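The values are calculated or read from the model by the stated rules, or taken from the named source; none is laboratory data. From a predicted model like this one, the values you see are computed outputs, not experimental measurements. Cβ coordinates were reconstructed from backbone atoms using ideal geometry, including for glycine residues, and neighbour counts include every protein chain displayed. Accessible surface areas use protein heavy atoms only, side chains included; no ligands, DNA or RNA. Shrake-Rupley method; radii C 1.70, N 1.55, O 1.52, S 1.80 Å.
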Amino acid sequence: MTASFPEPVEGQARSSLPPDILRCGYVELVVSDLAAAREFYVDLLGLVITKETPDALYLRTLEEFIHHNLVLRQGPVPAAAAIAFRVRRPEDVDAAEAYYRELACPTRRSPDGFVDGIGDAVRVLDPLGFPYEFFHEVEHVERLTRRYDLHRTGALARLDHVNQVTPDLGPGIAYLEGIGFRVTEDIRDDQGVAYAAWLRRKPTVHDVALTGGDGPRLHHLAFAAPEQHHVLAICDRLGALRRSDCIERGPGRHGVSNAFYLYLRDPDGHRVELYTQDYYTGDPDNPVVTWDVHDNQRRDWWGNPVVPSWYAEASVVLDLDGNPVPVRQRSDPAEEAVTVGADGFSYTRQGEAERGFKVGEQL
Ligand code: XXG
Ligand code: FE2
């Protein structure tokens, strides 16, 4: 697809096995104003501070038992510095290092970890240009699940997933399948062109989604809320505090994943999704759900249009030296050029216009 994709993934002879990835563990974001970011993530969203230093905040949601699932670091350019995955055993960090070296990707090992609360880890700049980290050793902290005395309305439980924008969607899906992810849902056209894909390690719809577009860029990170009313409570809080401009899209019900959702933008424009009630995908024969890119309900089950900024804007990512990774353009058709939600070019009920539609009829 592009000259910069390092080597063909399909059919390649490999000697290293991929690491056994458990889940998306934490994200490190660079923010331009740590105090403003603290107000957003701690005061508005209710994340708990595990550790605070003059230039960094280590935050976690209420069900997290490892040190953090979000690191905010003060820096000159807002960006995503790392997308970090927890692996099953300490040896899986070695496996990750060997695997990415074999892919000819830049790798960096830190036996004491790259951030507080995490031990031996390897960071890589992956074939798509994203800074991935793999770690096993962690500092455990109090899991606050039953500390209802600390819960507020809108309490967030877990880090659920990240969504990455890449021009290399086909090879990107193959690369992620190569490191053990499984596709649960995707969006395609009738020519088979993929516009987005959702891939999992933990038994939910995803840990990682790939969105076709100019990249590498981080589209969003998503926190899971226990129930829909937690998401609505955050909408109400933002309204009451006259911060409704943080809300970019939603609340709504996704088509893909079936989750209830809300997208927010933090003070630097990093996008954060609040997400709840997707479904179990852990069986080995879990069927892949493929959506037609012209289906109005694929991204919002109620047919609400997707705002253009949601397709266009995303956070730059940093390489292993902390420099922004150059963004490349997608050459395949872009989804927003095909349809933006219920825009009149797509369908809600296929064939309905010709034959009429009755309530209760199976589509
Ligand atoms: O987590 C997600 C998303 O990637 O944020 C977007 C699940 C579904 C969708 S979509 O907008 O496609 O419904
Ligand atoms: Fe998402």
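Does Arg143 satisfy the condition of being among the basic types (Lys, Arg), over 18 Å from the mean Cα position of the chain (by Cα) and over 22 Å from Glu28 (Cβ atoms)?
For Arg143, the condition - among the basic types (Lys, Arg), over 18 Å from the mean Cα position of the chain (by Cα) and over 22 Å from Glu28 (Cβ atoms) - is not met.
Within segment 183-218, can you find the residues that are open to solvent by 20 Å² or more (accessible area, probe 1.4 Å), polar (S, T, N, Q) and within 13 Å of ligand 1 (Cβ to nearest atom)?
Thr204
From Asp292, Asp319, grab the single residue that is more than 14 Å from Arg217 (Cα to Cα) and open to solvent by 20 Å² or more (accessible area, probe 1.4 Å).
So the residue among Asp292, Asp319 that is more than 14 Å from Arg217 (Cα to Cα) and open to solvent by 20 Å² or more (accessible area, probe 1.4 Å) is Asp292.
When you scan segment 42-63, how many residues do you find that are assigned to a loop (DSSP other than H, G, I, E, B) and in contact with a Gly (Cβ under 9 Å, 6 or more places away or on another chain)?
5
Restricting attention to segment 44-77, which residues are crowded, with 24+ Cβ neighbours inside 10 Å and of a type in the set (Asp, Glu)?
Residue satisfying the conditions is Glu64 alone.
Given the conditions (1) aliphatic (A, V, I, L, M); (2) assigned to a strand (DSSP E or B); (3) open to solvent by 30 Å² or more (accessible area, probe 1.4 Å), report the number of the one that Ala84 does not fulfil.
Going through (1) aliphatic (A, V, I, L, M); (2) assigned to a strand (DSSP E or B); (3) open to solvent by 30 Å² or more (accessible area, probe 1.4 Å) one by one, Ala84 breaks only (3).
Can you find even one residue in segment 180-187 that is within 12 Å of ligand 2 (Cβ to nearest atom) and touching a residue at least 12 places away in the same chain (Cβ under 8 Å)?
yes
State all residues of segment 112-138 that are touching a Gly at 6+ places or on another chain (Cβ under 9 Å) and either modelled with pLDDT under 95 or of a type in the set (Asp, Glu) (or both); if no residue qualifies, say none.
Asp112, Asp120, Glu133, Glu137
Does Thr184 satisfy the criteria of being out of contact with any Gly (no Cβ under 7 Å at 6 or more places or on another chain), at pLDDT below 95 and among the hydroxyl-bearing types (Ser, Thr, Tyr)?
No; evaluated as a whole, the condition is false for this residue.
Name every residue in segment 212-223 that is in contact with a Lys or Arg (Cβ under 9 Å, 6 or more places away or on another chain) and not aliphatic (A, V, I, L, M), in order of residue number.
Residues satisfying the conditions are Gly212, Gly213, Asp214, Gly215, Pro216, His219, His220, Phe223.
Can you pull out the residues in segment 295-316 that are under 19 Å from the mean Cα position of the chain (by Cα), of a type outside the set (A, V, I, L, M, F, W, C) and open to solvent by less than 30 Å² (accessible area, probe 1.4 Å)?
Within segment 295-316, Arg298, Arg299, Asp300, Tyr311, Ser315 meet the criteria.
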